[in-house]
Amino acid sequence: MRNLSYFMMLACSVPAAAETVHITAARMIDVETGKVVEHPMVNITDGRITGIADARTVRLRGDEKLIDLGDKTLLPGLIDMHVHLTSLAEVGGYQTLKYTDSFWGAVGVANAKKTLEAGFTTVRNVGSSDFQDVGLREAVDGGFVPGPRIVTATYAIGATGGHCDDNKLPPSLDRREASVINSPEEARAKVRWLHKYGAEVIKICATGGVFSLGDSVGGQQLSLEEMKAIADEAHMLHLRVAAHAHGDEGIRTAILAGIDTIEHCSLASDETLKLAAQRKTWFDMDIYNDDYILATGTANGTEQESLDKEKAIGLKQRQTFQRAVRAGVPLIFGTDAGVYPHGDNGKQFAKMVEWGMTPLQAIQAATRNAAQALGKEGDVGAIAVGRYGDMIAVDGDPLRDVRVLEKVAVVIKGGTVVKGGK
């Protein structure tokens, strides 16, 4: 006769029945078609969507879990394609040198929570020192801290003295940043090294930037050969590449090199916009943060040099965005959170509408389009069978007033309510 311990062991080896969660709301925006679905019921099992039905036609058993969001509007979880979770807008310039290295990883924990509660259930973290974004991703995925799904870039690759190098210090304190390359051969090796330690996307600095000192914001800093070596190596490893690029020459070179997404795109010419549209290269334009940068000035440690650069290109970037919309350039939603306070990501939607998009186009940039640019359209970006049960709910109609996305009432990640909805 079998002893009791055997049967207990056998019982423990049988997997528990998967719980299905049913979520209903007054309406749902189908970002794939642009249509509004009335009275949806979304069924989620083991974190993924298993069915979508008309709630008026479904009768649930008394023991089934139902989350009724009442008169709210349901949307897919939002995606921000350009964040720096381990950075703070409130601490910039030389003020960052006051803090020990591990401080920034701790800051990332708080920022991840703010970002998730703002409705962004997926982010692409495009640049972080010391592989802090990888550690943060592992902590979130392991359930140790709350946060969005994080696609990690680790260090951003750049040239000596460029935007991705540390140029705050004098020669006596000079050091070569881990991200620096100076040839196509070094570029290939750097991609392999970053991938080895957790990079899921590769970020490069093709031109100068606003917050790097001593360089031209639009000046090209990597050659075509270096950019192409990075793109080829990354694509061989099934990684995508994002290029920080403000100046027209750098943007155009990045497109020709096969870079997947171009960040900022401030000074792109009409000819370059046409090339981007033809090649279907994604543009990721952070057109909200100019307001914050100019409003705070040097109060957060921003150097006057950087402030002057922002004054020179902020309006031009928004005008370029407007021309990009008209030219049919594929656009995704990216904010550069960390340059302005985390959690305010949703404030960019109104700017995108102000500068030429419809509310639906702006929403699609942060859902359907972003998922495609990530290569994760089977997982995120829409409320559809097979994808993660990542959703948000808002009061009002974002297709009429996109500002309602600035105050997300309910956030659901993988079928679990992480904000509101109770």
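A few points about this structure:
- Considering residues of the stretch 169-198 that are open to solvent by 90 Å² or more (accessible area, probe 1.4 Å) and farther than 22 Å from Gln132 by Cα only, the residue modelled with the highest pLDDT: Glu185
- Here Lys311 fits the description: surrounded by fewer than 24 Cβ atoms within 10 Å (Cβ to Cβ), out of contact with any helix residue (DSSP H, G or I) (no Cβ under 6 Å at 6 or more places or on another chain) and without any contact (Cβ under 8 Å) to a residue 24 or more places away in the chain.
- Complete set of residues in the stretch 263-281 that are without any contact (Cβ under 8 Å) to a residue 40 or more places away in the chain and crowded, with 24+ Cβ neighbours inside 10 Å: Thr272
- Residues in the stretch 200-229 that are among the hydroxyl-bearing types (Ser, Thr, Tyr) and modelled with pLDDT under 95: Ser212, Ser216.
- Residues satisfying the stated conditions in the stretch 202-234, i.e. over 14 Å from Gly162 (Cβ atoms) and surrounded by fewer than 23 Cβ atoms within 10 Å (Cβ to Cβ): Leu224, Glu225, Lys228, Asp232, Glu233
- Scanning the stretch 259-295 for residues that are β-branched (Val, Ile, Thr), within 17 Å of Leu315 (Cα to Cα) and not in a loop (DSSP other than H, G, I, E, B) returns a single hit, Ile293.
- Enumeration of residues in the stretch 16-36 that are crowded, with 20+ Cβ neighbours inside 10 Å and in contact with a helix residue (DSSP H, G or I) (Cβ under 8 Å, 6 or more places away or on another chain): Thr24, Ile29, Val31
- Among the criteria (1) part of a helix (DSSP H, G or I); (2) aliphatic (A, V, I, L, M); (3) within 19 Å of Trp193 (Cα to Cα), the one Ala139 does not fulfil is (3).
- Unique match (being open to solvent by 10 Å² or more (accessible area, probe 1.4 Å) and touching a residue at least 24 places away in the same chain (Cβ under 8 Å)) among Asp284, Asp290: Asp290
Quick grid of which residues meet (1) surrounded by fewer than 19 Cβ atoms within 10 Å (Cβ to Cβ); (2) at pLDDT below 95; (3) aliphatic (A, V, I, L, M); (4) within 13 Å of the chain's Cα centre (by Cα):
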{"position": "Gly62", "(1), (2), (3), (4)": "yes, yes, no, no"}
{"position": "Lys65", "(1), (2), (3), (4)": "yes, yes, no, no"}
{"position": "Asp71", "(1), (2), (3), (4)": "yes, no, no, no"}
{"position": "Leu78", "(1), (2), (3), (4)": "no, no, yes, yes"}
{"position": "Val83", "(1), (2), (3), (4)": "no, no, yes, yes"}
{"position": "Leu97", "(1), (2), (3), (4)": "yes, yes, yes, no"}
{"position": "Leu116", "(1), (2), (3), (4)": "no, no, yes, yes"}
{"position": "Gly119", "(1), (2), (3), (4)": "no, no, no, yes"}
{"position": "Val134", "(1), (2), (3), (4)": "no, no, yes, no"}
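- Check on Ala159, open to solvent by less than 30 Å² (accessible area, probe 1.4 Å), among the small types (Gly, Ala, Ser) and more than 22 Å from Thr261 (Cβ to Cβ): no
- Hey, Thr121 touching a strand residue (DSSP E or B) at 6+ places or on another chain (Cβ under 6 Å) and of a type in the set (Ser, Thr, Tyr) or not: yes
- Listed by first and then second residue, the pairs with beta-carbon distance under 7 Å, at least 6 apart or on different chains, first residue in the stretch 337-350 and without any contact (Cβ under 8 Å) to a residue 40 or more places away in the chain, second aromatic (Phe, Trp, Tyr), form an empty list.
- Set Arg124, Arg56: member being open to solvent by 60 Å² or more (accessible area, probe 1.4 Å) and either touching a residue at least 60 places away in the same chain (Cβ under 8 Å) or not aromatic (Phe, Trp, Tyr) (or both): Arg56
- Test: residue in the stretch 379-390 that is of a type in the set (Phe, Trp, Tyr), surrounded by 23 or more Cβ atoms within 10 Å (Cβ to Cβ), outside any helix (DSSP H, G or I) and modelled with pLDDT of 95 or more: yes
- Residue in the stretch 331-343 that is closer than 22 Å to Val126 by Cβ, out of contact with any strand residue (DSSP E or B) (no Cβ under 7 Å at 6 or more places or on another chain) and in a helix (DSSP H, G or I) present: no
- The set of residues in the stretch 157-182 that are in contact with a Gly (Cβ under 9 Å, 6 or more places away or on another chain) and either more than 13 Å from Gly209 (Cα to Cα) or free of Cβ contacts under 8 Å to residues at least 12 places away in the same chain (or both) comprises Lys168, Glu177, Ser179, Val180, Ile181.
- All positions within the stretch 126-145 that are in contact with a helix residue (DSSP H, G or I) (Cβ under 8 Å, 6 or more places away or on another chain) and farther than 13 Å from Lys203 by Cβ: Asp130, Gln132, Gly135, Leu136, Ala139, Val140, Val145
- A single member of Ile204, Ile150 is touching a residue at least 60 places away in the same chain (Cβ under 8 Å), out of contact with any Ser or Thr (no Cβ under 6 Å at 6 or more places or on another chain) and part of a strand (DSSP E or B), and it is Ile150.
- Residue list for the stretch 299-330, restricted to those being at pLDDT 95 or above, in contact with a Leu (Cβ under 8 Å, 6 or more places away or on another chain) and not in a helix (DSSP H, G or I): Val329
The values are calculated or read from the model by the stated rules, or taken from the named source; none is laboratory data. Because the structure is predicted, anything quoted here is derived from the model rather than measured. Virtual Cβ from ideal backbone geometry, glycine too; neighbours counted across all protein chains shown. The protein model used for the area step is the full one, side chains on, heavy atoms only, and it has no ligands, DNA or RNA in it. Shrake-Rupley method; radii C 1.70, N 1.55, O 1.52, S 1.80 Å.
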